[in-house]
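Report on one structure; see the data block that follows.
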Amino acid sequence: MITEVRLRPLRNADFDRVLELERQLFGRGAWSYGMLADELGALGRWYIVAEPERLDRAGDQPVVGYGGLWFDGDVTQIMTIGVDPAVQRHGVGRQLLTALIERSRKLKAEAVLLEVRVDNMPAIEMYRDFGFQVLGVRKRYYQPENKDAYTMRLELAEAAGTAADAPVDAPVDAPDDEAGDAA
Ligand SMILES: CC(C)(COP(=O)(O)OP(=O)(O)OC[C@H]1O[C@@H](n2cnc3c(N)ncnc32)[C@H](O)[C@@H]1OP(=O)(O)O)[C@@H](O)C(=O)NCCC(=O)NCCS
């Protein structure tokens, strides 16, 4: 059982584990290696992983969650968030989402946007709990599953006019990237 997780930037060495979780969590809709690599190399992305501080069993512990956003200069978009099914409902998703929202505030984004499958109740409940509101429905947004998505939005109270102090293309491993302190 997890007692605590710490958040840190996603690194290339995490790819295999993240892709394994992707397949477990999203099945046919999972990102491929190429999609993940392209995503991480694109402008304005910020990706983090959650790794256990301590488990009951000894040895190296695999990453148990991950998430990322895209900042386009105005708003952030949550690109993905996922937690190992073995440790779901222990607060890891909440920690990841909190960090992504805090990062969005730091970037001075006006709002946080996301898409979520209309039948994904655990995620919808989590987003609602953080104050996200449904904007509308995107028909057949998820392919190849052919499922509709809700678009959800969280207004950020302290939205400001400039993001000059927060470069959108900073690499996730940048020394000033305080992912580990964000949770
Ligand atoms: C959505 C997801 C990331 C949540 O991660 P998690 O670590 O289980 O979430 P937490 O334990 O931090 O729970 C946060 C809140 O989410 C909601 N929630 C999580 N699982 C839920 C469930 N099975 N049923 C109802 N609400 C649920 C609750 O509001 C919960 O708060 P609470 O425990 O205080 O009631 C996880 O279920 C997951 O990885 N799902 C598959 C991938 C996915 O769908 N990602 C979202 C794509 S848009």
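Relative contact order, percent, of segment 75-148 when contacts are C-alpha pairs under 8 Å separated by at least 6 residues? Display every interim value, and only then the final one.
On the way: 49 pairs, mean separation 22.3, N = 74.
Dividing the mean separation by the residue count of segment 75-148 yields 30 percent.
In percent, rounded to a whole number, the relative contact order of segment 1-140 is 21, using alpha-carbon pairs under 8 Å and six or more apart.
Among Tyr127, Tyr150, Tyr141, Tyr33, rank each residue by its count of other Cβ atoms within 10 Å, from fewest to most, as a rough exposure measure. Working shown, then result.
Values: Tyr127 24, Tyr150 21, Tyr141 17, Tyr33 12.
Fewest-to-most ranking of Tyr127, Tyr150, Tyr141, Tyr33: Tyr33, Tyr141, Tyr150, Tyr127.
Exposure proxy for Ile81, Ile48: other Cβ atoms within 10 Å of each Cβ, ordered fewest to most, give Ile81, Ile48. By the beta-carbon count within 10 Å of each Cβ, the least crowded to most crowded order of Val63, Val49, fewest first, is Val63, Val49. Local charge for Val134 was computed over the other residues whose Cβ lies under 15 Å away, with Lys and Arg +1 and Asp and Glu -1, and equals -1.
Rule-based calculations on the coordinates, nothing more; no lab input. Quick caveat: nothing in here was measured; it's all calculated off a predicted structure. With ideal geometry, Cβ positions are generated from the backbone for all residues, glycine too; neighbour counts draw on all protein chains shown.
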